[in-house]
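What follows is a short report on a single structure.
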Amino acid sequence: METALTILLDGLVFSSYLFIVSLGLTIIFGVMKILNVTHGSFYAWGAYTAAFLIGLAANAGWPDWAGFGIIFVAAILVGLVLGLLLERGILQFMYQRDEVLIVLATFGSFLVLEDVILLVFGVNPYFAFQPMQLLGAVELGGIARDTYGLTLIGLAVVLAAGSWLALKRTHWGKLLSAVIFDRELSMAMGLNVSRVYIVTFVLGAILGALGGAYIAPTVSVAPGFGVDVIVLSFAVVVIGGMGSVPGAMIGALAVGIVRALAVHKFPQFELFVIYAVMAVVLVFRPEGLFAPVKARKI
Amino acid sequence: MSLARDRTVQGLTLALGVMLIVAALVPSWIVNQLLFGFSRAIAVLGLMVLWRTRLVSFGHALYFGLGAYTVALIERYAQVSDAFVLLAAAALLSTVVGFLIGFIVRRYRDIFFAMLNLAFSMILYGILVKTEALGSTDGFTIEAPTYAGIAFEDASQGKLALLCLLLVVGWACAVGVQAYLRSTLGRLTTAIGDNEIRVEYLGYSAEKAIHIKYVLSTFLAGLGGGFMALALGQVDPDSMVNWTASGELVFVTILSGPGSVAAPFIGSFVFEILRTYAFEWMPHAWQMIVGGTLLVIIFFVPGGLWALVARVAERLFGARAGAGPAAAGTGR
Amino acid sequence: MPPPILDVRNLHKNFGAVTAASNINVSFAPGETVGIIGANGAGKTTFVNMITGYLKPTRGAILYRSREITGMPPRAIARLGICRSFQVSQVFVSLSVLENLLTAVAIAESPGLGMLRPLRRPELIARAEGIMERYRIAAYRDHLASDLSQGARKLLDIAMAVVGKPRILLLDEPTSGISTEEKQPLMDVVMDALRQDELTVLFIEHDMEIVERYVDRVLAFYQGEIICDAPPAEALRDPKVLEFVIGAEYQPEPGAGHA
């Protein structure tokens, strides 16, 4: 059936997009216990920077495929600069304070960065369609689909596999896992938690920016770009379990497919159903479906 | 010490008298600012009570919006125009919903409490945006209400009447909350924030106390939302129910500071004035101002505007203008 | 023989594979003063936590005045008459000493709708001031609890525990964190104040001199079990106790006993 395939594909594309954006958020929460509202800014800045640079490149006569490279460059640039700015400039002074206060500080930072976008990039929307146009369309199940959207799925899979491998097999990954599992114990064992925090936050920022940068060619990047995605990624992270990468995957899949179903079959439920799931998970299993197991503190 | 001799209550009563006179004298654009500011202040009063227990809700726009939409829908579909009925209905519906949801949220703290409230508010947002009969993204306009049968032909007179009603109701709410905060249950607010285990071991259920607090806050938020709807003459989901609206309420709560029941009124009014001017002079810097102010307060002035006002008053009058030695305990 | 005021039967507590309490059988008569000793991790605090409702036993029963209270929540048990103080004083740091006690008194004396009455009422203040006098913390009346010294905090913690007029009082390491010279004066104040109320007092303590001086009976814990239940003179010479709790170097005073 056409519709089933459409729903599945739409769902997968949206899930992939959500996963890429939420991966950074869940890692930051898992390691630092911070629900980072500024993640929306990383996303928006990534999109704007990528769109802007792609536009520049196109005007300078660069080939369309350079856009792909630019996307990754933009993400790394935004992640490094904004991530470091935020962590060193604001967060590092707040770690011993109330976690809700920290969330409010990230909310304040988000608001500031939103307006800085207007100052830097202006109020007019950006269209950096070149990479998407380049890939054209492919026919699946009788309907033409954007190939670009499908590559999103590929990117998500790569990131999922990559982060799993990184956490399980690399030295840094194991350090991160240790801190997620038990911060105090890690500190007691001599782990330089401060450095871990910086790396984590910048990494999370890069991933958030990547989400925005990669999606930029498919939409018009305009003011207010990050606002909706913030709450959606919160929902994903809450559902999957804060701090769990497989959880973010499952959460993204759940939200993505449910939303695709809603959009195609029950459009009046589209928005509300995601938050209903989030509420249900929070009520019955606040740690999320896949929370990392915590050691029992007697 | 009875309520009538409580310094804060006396101050509030004096302020009410002054404000009623001022309202009659100032131009209508200030009347509007006062209307918007104080409507929000009533909702913030409720959030302040929660804040003193170290609980922050990222979803109180749920109740604010419920109050606003109740007014809009009853006026439109039930053809009722009396302000008292509309506002009472707004407060009632929010309180009932708050009472029910309270059973769930009272078990959570910190970030989970905040997020759960957020989730519920976004459910309402989703429903409103997608339902035509409820106005969808455009919302509704609201006609000017009548006041116990009296209709005001002149719009600015009508607004003045609304403001007088708002001032009296606001005063009543502030005095009520002050009485609550002086009661044992109210003092538990700070105690629970400090040490829930101890409260349990003294023989009282912390969850029950939080439930009561929560219901109080939803009542106030619904009432504030109702007033806002009448003041604005319209409702729409984005400005009243979206998470950004909840964020605004939280911001004003932090801006005002938890030190006194008068704080939300000052903070909300400042917020309103700031917003009007910021939009006029620097339309693209409003969010930056809000965000920057939030950061400044978190880092340098955790007691909010009220702490600043109290310090100045202390210098000028040599007495503590706040509500007591332990009143400014939150925001650590 | 009057029935025991507290009767613990076959109490077990497992945390997964860890056994924190096993086969605890003990009863207490009204008016006794009992010292609970044992190395860290021996199960003393778990025992207290189960009695006060903070933890549910895996197996077994706890009877208070012949009524089963196993598994009831702390607030219910507190209202029935079993109160406790904590190893790390649990007070309301943002409130003054007076308000801490007022809160305790108000909850104890006027639950339900009475909670809506103002906190600072004359009758409650009078009661709170009386307690402050008895526990020698009246000087700190208007100080914030966070400003108090360790000793004063402990006294406040204990004072709050007795507000509810309990019949059984459990003190968890009342002198921990207090300098050696201050321990005895503190305990003197506490025991003096308690004696006026005819309570059954159980306290966890590591300092054997304190134990010797103030109790009629000693319960020694080791690895979740009670290894000795005897008057202090006997218990502090018991070979098992010497080995597993005290460490053989301790020499009890000759003629030690209840002061």
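The values are calculated or read from the model by the stated rules, or taken from the named source; none is laboratory data. Nothing here was measured: the structure is a model prediction, and the numbers come from that model. All Cβ positions, even for glycine, are placed from backbone atoms using ideal geometry, and neighbour counts span all protein chains on display. Only protein heavy atoms, including side chains, enter the accessible area calculation; ligands, DNA and RNA are left aside. Shrake-Rupley method; radii C 1.70, N 1.55, O 1.52, S 1.80 Å.
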Can you find a residue in the range B:243-253 that is facing another protein chain (nearest Cβ under 10 Å) and open to solvent by 30 Å² or more (accessible area, probe 1.4 Å)?
yes
Scanning the range B:93-136 for residues that are hydroxyl-bearing (Ser, Thr, Tyr), at the interface with chain A (Cβ under 9 Å from one of its Cβ atoms) and crowded, with 21+ Cβ neighbours inside 10 Å gives B:SER121, B:TYR125
All positions within the range A:216-228 that are in contact with a helix residue (DSSP H, G or I) (Cβ under 6 Å, 6 or more places away or on another chain) and either among the acidic types (Asp, Glu) or crowded, with 21+ Cβ neighbours inside 10 Å (or both):
A:ALA216, A:PRO217, A:VAL221, A:PHE225, A:GLY226
Residue list for the range B:199-242, restricted to those being among the small types (Gly, Ala, Ser), open to solvent by 10 Å² or more (accessible area, probe 1.4 Å) and out of contact with any Gly (no Cβ under 9 Å at 6 or more places or on another chain)
B:SER205, B:GLY233
Show me the helices (runs of 4 or more DSSP H) found entirely inside the range B:219-299 where at least 3 residues are touching a Lys or Arg at 6+ places or on another chain (Cβ under 9 Å).
B:243-256, B:263-281
Out of (1) under 14 Å from B:GLY224 (Cα atoms); (2) open to solvent by 10 Å² or more (accessible area, probe 1.4 Å), the odd one out for B:ALA90 is which?
(2)
Answer yes or no: is there a residue in the range A:128-149 that is touching a helix residue (DSSP H, G or I) at 6+ places or on another chain (Cβ under 9 Å), at pLDDT 80 or above, farther than 29 Å from B:LEU118 by Cα and open to solvent by 40 Å² or more (accessible area, probe 1.4 Å).
no
Kindly state which helices (runs of 4 or more DSSP H) lie completely within the range B:29-148 and contain at least 1 residues that are on the phi > 0 side of the Ramachandran plot.
B:110-130
State whether the residues of the range A:281-288 include one that is in contact with a helix residue (DSSP H, G or I) (Cβ under 7 Å, 6 or more places away or on another chain), surrounded by fewer than 20 Cβ atoms within 10 Å (Cβ to Cβ) and at pLDDT below 75.
yes
Residue that is nearest to B:VAL199 (Cα to Cα), among those in the range C:47-63 that are in contact (Cβ under 8 Å) with a residue 40 or more places away in the chain and open to solvent by 10 Å² or more (accessible area, probe 1.4 Å):
C:LEU55
Return only the number of the condition from (1) under 20 Å from the mean Cα position of the chain (by Cα); (2) under 21 Å from C:CYS83 (Cβ atoms); (3) of a type in the set (Asp, Glu) that C:GLU182 does not satisfy.
(2)
Say whether the condition of being over 18 Å from the mean Cα position of the chain (by Cα), farther than 22 Å from B:ALA263 by Cβ and open to solvent by 30 Å² or more (accessible area, probe 1.4 Å) is met by at least one residue in the range B:159-175.
yes
Just to check your reading of the model, which residue among B:THR131, B:THR137 is farther than 12 Å from B:ALA83 by Cβ, out of contact with any Cys (no Cβ under 6 Å at 6 or more places or on another chain), touching a residue at least 60 places away in the same chain (Cβ under 8 Å) and hydroxyl-bearing (Ser, Thr, Tyr)?
B:THR137
Residue that is over 23 Å from A:ARG195 (Cβ atoms), in contact with a Phe, Trp or Tyr (Cβ under 9 Å, 6 or more places away or on another chain) and open to solvent by 30 Å² or more (accessible area, probe 1.4 Å), where the choices are A:VAL120, A:VAL100:
A:VAL120
Of the residues in the range C:147-181, those that are within 17 Å of C:LEU102 (Cβ to Cβ) and surrounded by fewer than 19 Cβ atoms within 10 Å (Cβ to Cβ) come to C:LYS165
Can you tell me which residues in the range A:224-246 are touching a Leu at 6+ places or on another chain (Cβ under 6 Å) and modelled with pLDDT of 85 or more?
A:SER233, A:VAL236, A:VAL237
Flag if B:GLY139 is open to solvent by less than 50 Å² (accessible area, probe 1.4 Å), touching a Phe, Trp or Tyr at 6+ places or on another chain (Cβ under 7 Å) and away from every other protein chain (no Cβ under 14 Å):
no
I need the helices (runs of 4 or more DSSP H) fully contained in the range C:38-123, keeping only those with at least 1 residues that are touching a Phe, Trp or Tyr at 6+ places or on another chain (Cβ under 9 Å) and more than 10 Å from chain B (Cβ to nearest Cβ).
C:44-51, C:97-109
(1) open to solvent by 10 Å² or more (accessible area, probe 1.4 Å); (2) outside the structural domain of C:GLY53 (by TED's automatic domain parsing) all hold for C:ASP192 apart from (2)
Would you be able to say whether some residue in the range B:181-196 is touching a residue at least 60 places away in the same chain (Cβ under 8 Å), of a type in the set (Asp, Glu) and open to solvent by 10 Å² or more (accessible area, probe 1.4 Å)?
yes
Tally the residues that are farther than 25 Å from A:ALA260 by Cα and either open to solvent by less than 10 Å² (accessible area, probe 1.4 Å) or part of a loop (DSSP other than H, G, I, E, B) (or both), restricting the search to the range A:1-36.
8
For the structure I just gave you, tell me whether A:PHE127 is closer than 18 Å to A:VAL219 by Cα, more than 9 Å from chain B (Cβ to nearest Cβ) and over 19 Å from the mean Cα position of the chain (by Cα).
yes
Based on what the data block shows, is A:GLY173 farther than 22 Å from A:VAL231 by Cα and open to solvent by less than 20 Å² (accessible area, probe 1.4 Å)?
yes
Which residue out of A:ILE76, A:ILE102, A:ILE71 is assigned to a helix (DSSP H, G or I), in contact (Cβ under 8 Å) with a residue 40 or more places away in the chain and within 14 Å of chain B (Cβ to nearest Cβ)?
A:ILE102
Is there a residue being open to solvent by less than 10 Å² (accessible area, probe 1.4 Å), under 21 Å from B:TYR201 (Cβ atoms), within 12 Å of another protein chain (Cβ to nearest Cβ) and in a helix (DSSP H, G or I) anywhere in the range C:126-140?
no
